[in-house]
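Right, one structure below, let's go through it.
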């Protein structure tokens, strides 16, 4: 009987450890995914800004050509 409780404690502690580990791994992966998305958004915004600046620089040239 005493042996049985030891096994149960070991199982419970293993399950808790596994749950914590999975939780940490999940959060870590979720963070990486979020950072990738944020970086992608920043890159998109930057290219939009560059396009806008390029267009505003070309506009007077195009008007002058006509």
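Laboratory data are not the source of any read-out in this text; all were calculated from the coordinates shown. It should be emphasised that the depicted structure is a prediction, and the values quoted were computed from it without experimental measurement. Every residue, glycine among them, receives a Cβ derived from its backbone with ideal geometry; neighbour counts consider all protein chains shown.
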Inset, instruction - Give, in nm to one decimal, the length gained when the segment between residue 27 and residue 44 is fully stretched (0.36 nm per residue of separation minus the Cα-Cα distance). - result: 3.6 nm
Inset, instruction - Run the quick spin-label model on residue 8 and residue 59: label points 7 Å from Cα toward the beta carbon, then report their separation in nm to one decimal. - result: 7.6 nm
